[in-house]
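Heads up, the thing below is written out as structure tokens.
Computed from the coordinates by the stated procedures, all read-outs in this text should not be read as laboratory data. Computed from a predicted model, the values in this text were never measured in an experiment. Here the Cβ positions follow ideal geometry from the backbone for every residue, glycine too, while neighbour counts run over all protein chains shown.
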Amino acid sequence: MDIHEIVKKLVGRIDPVGETNEDDQRFVNLKVLTALVDKLLADIDNVAMEKDRHEYSRSRAGKFASEFFDHVGITE
């Protein structure tokens, strides 16, 4: 099982099915998942701030994180 599968199992399904009670729970799951993604993006953003550092390893990580944001269309 990879991290993606583990998170999906922990959070639960998020896709609505048209049944009110089930969709209420799935909406709660969606809110949990988006809160997690927000925190993860903040973590990646903290690393992206290192892109202009003079230390190679910090700069490398920062550039990688910054390029990830470019790839997914997130701009500064």
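Some observations on this one:
- Approximate spin-label separation residue 70-residue 35, in nm, with each point projected 7 Å along Cα-to-Cβ: 3.4
- Global size of the stretch 3-72 as Cα Rg and Dmax, reported in angstrom: 16.9, 55
- Spatially close lysines, pair count over the chain: Cα under 30 Å, gap of eight or more or interchain: 10
- Packing, taken as the mean count of other beta carbons within 10 Å per residue, orders the peptides 17-29, 47-59 from highest to lowest as 47-59, 17-29.
- Helical mean residue ellipticity (222 nm; -39500 (n - 2.57) per DSSP H run of 4+; nearest 500) of the chain: -24500 deg cm²/dmol
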